[in-house]
């Protein structure tokens, strides 16, 4: 197994980048619930060092995002505190964990 290159990331520089694609991974659970997940990378850093083969060393910070959409029969009634616009445009699709 190849040895991982070491770099001093305290001296690494944040670099600009553009997102080419950030797809959602979609799962359909046996109860009909849809689970969506994706990895979001907000920052990428380039170290001053290079690995033994001469390749630059990069590091990144990331966030995992997940959401669910439950079948209508598993949803709870809309809370009265929910904004009228959220009720109207259908952006409220929460599913209590004990039901999903």
_Criterion violated by residue 9 - all others in (1) surrounded by 11 or more Cβ atoms within 10 Å (Cβ to Cβ); (2) within 30 Å of residue 73 (Cα to Cα) satisfied_ = (2)
_So the check is Cβ under 8 Å with 6+ separation or different chains; which pairs have a first residue in the range 32-59 that's touching a residue at least 60 places away in the same chain (Cβ under 8 Å) and a second one that's surrounded by 12 or more Cβ atoms within 10 Å (Cβ to Cβ) and part of a strand (DSSP E or B)?_
33/68; 33/69
_strands (runs of 3 or more DSSP E) within the range 14-75 that include 2 or more residues surrounded by 13 or more Cβ atoms within 10 Å (Cβ to Cβ), touching a strand residue (DSSP E or B) at 6+ places or on another chain (Cβ under 8 Å) and modelled with pLDDT under 95_ = 34-50, 56-69
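The values are calculated or read from the model by the stated rules, or taken from the named source; none is laboratory data. Since this is a predicted model, take the numbers as computed values, not measurements. No Cβ is skipped: glycine too gets one built from the backbone with ideal geometry, and neighbour counts run over all protein chains shown.
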